[in-house]
1. Quick check on the stretch 298-309. Is at least one of its residues under 17 Å from Gly28 (Cβ atoms), modelled with pLDDT of 95 or more and among the aliphatic types (A, V, I, L, M)?
2. Do we find that Arg260 is touching a Leu at 6+ places or on another chain (Cβ under 9 Å), farther than 19 Å from Met11 by Cα and of a type in the set (Lys, Arg) in this structure?
3. How many of the residues making up the stretch 105-117 are modelled with pLDDT under 95 and under 17 Å from Val160 (Cβ atoms)?
4. Look at Gly53 and say whether it is modelled with pLDDT of 95 or more and in contact with a Leu (Cβ under 7 Å, 6 or more places away or on another chain).
5. Within the stretch 118-154, can you find the residues that are modelled with pLDDT of 95 or more and either assigned to a helix (DSSP H, G or I) or over 24 Å from Leu31 (Cβ atoms) (or both)?
6. In the stretch 97-117, which residues are assigned to a loop (DSSP other than H, G, I, E, B), among the charged types (D, E, K, R) and touching a strand residue (DSSP E or B) at 6+ places or on another chain (Cβ under 8 Å)?
7. Tell me which residues, restricted to the stretch 165-193, are out of contact with any His (no Cβ under 6 Å at 6 or more places or on another chain), part of a strand (DSSP E or B) and either closer than 23 Å to His220 by Cα or of a type in the set (Lys, Arg) (or both).
Amino acid sequence: MRLEGLHHVTMITGDANANVGFYADVLGLRLVKKTVNFDQPDAYHLYFGDERGTPGSILTWFEFPGAPRGRAGAGMIHTLELGVGSDAALDFWAERLAAHGHDAERRDGVVRVEDPDGLALELVAAAERSGDGASGRGSGNPPLRAEHPEVPAEHAILGVEGARAYTHDPTAAHALLTETLGFTDQGGGAYRLDGGLRHVHWRYEPAPAERGRLGAGTVHHIAWASPDEDHLAWQRRVREAGQPVTEVRDRDYFRSIYFREPRGILFEIATLSPGFAIDEDPDHLGEELRLPAMHEHLRAQLERVLTPVANPRAARREAARA
């Protein structure tokens with residue numbers, strides 16, 4: 001039994017429209033689902049990814065309008081790494097981000113930028129790095145591309161390569177990762193999960209002195225992917241490792257269990273199915289507001305209070321028809 005790789009990462013935004021503009025237009029990802037938070041239905045839950053919303057490509061946000069910026073601290077993820085295919089792709093992204101008014105830092109093998117809420121992103125030329133040491137992320141992940149008219153396929157983002165988190169003890173042994181979840185300890189706080197579908201890099205780094213604060217631009221949780229048939233076994237395995245774990249929760253597009261790893265970061269294990277096409281045509285993902293069955297009776301109310309968010313792909317299609 002092993003995890004398949006990364007499923008998704010979920011963040012907080014204070015402005016859904018700015019969030020969609022950056023990820024679905026500037027970065028060229030596909031908005032694959034526009035729904036609401038199960039626990040707070042007056043808040044959007046937006047999903048971005050490749051053409052089909054494949055696990056490993058998915059980034060999601062809860063929107064809390066006007067939320068003040070947060071600050072990553074100990075027990076929080078502070079940077080996400082997104083893969084691209086080459087140094088030429090990094091050149092493309094440095095120019096594109098600058099042209100759209102984003103201050104991007106280009107250095108060897110990396111373009112670093114913050115999203116509109118202040119979340120740190122690194123575009124990494126994963127395919128041109130070899131080995132598994134501290135300076136290399138390796139290659140071999142299947143490309144998970146979205147289509148965008150201004151982003152050539154050879155420069156498109158290829159999926160999530162990794163994430164980095166703060167802790168007070170980055171090099172301490174982490175049995176939950178290695179013995180329970182199957183990560184490989186690469187030393188110096190770096191780990192790698194070789195999943196059945198994709199690999200992903202995970203690293204702990206020394207925490208800043210300031211205490212973290214959840215808010216816009218911070219990561220809420222990270223989810224690892226499990227085959228459906230193994231999900232309950234993972235729940236048992238985490239519980240047997242001494243970590244409190246939730247019941248299985250139906251999230252419509254996958255089923256989930258949640259637990260905190262010992263350094264405080266909220267982990268989720270999510271199933272691979274049923275996927276995002278269960279309630280929308282695959283060619284029209286993310287174009288309509290989809291509500292969990294438990295909140296469907298609130299549709300009229302929610303459509304009044306939620307700020308309208310247009311799917312850039314649908315908007316481009318309508319403009320072409322005009």
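1. No, the stretch 298-309 has no match at all.
2. Details: touching a Leu at 6+ places or on another chain (Cβ under 9 Å): yes; farther than 19 Å from Met11 by Cα: no; of a type in the set (Lys, Arg): yes.
No.
3. 1
4. Taking the combined requirement at face value, the residue satisfies it.
5. Ala153, Glu154
6. Scanning the stretch 97-117 gives Asp103, Asp115, Asp117.
7. Within the stretch 165-193, Ala165, Thr167, Ala190, Tyr191, Leu193 qualify.
The values are calculated or read from the model by the stated rules, or taken from the named source; none is laboratory data. Because the structure is a prediction, the values reported are computed rather than measured. Ideal geometry is used to build each Cβ from the backbone, glycine not excepted, and the neighbour counts take in all protein chains shown.
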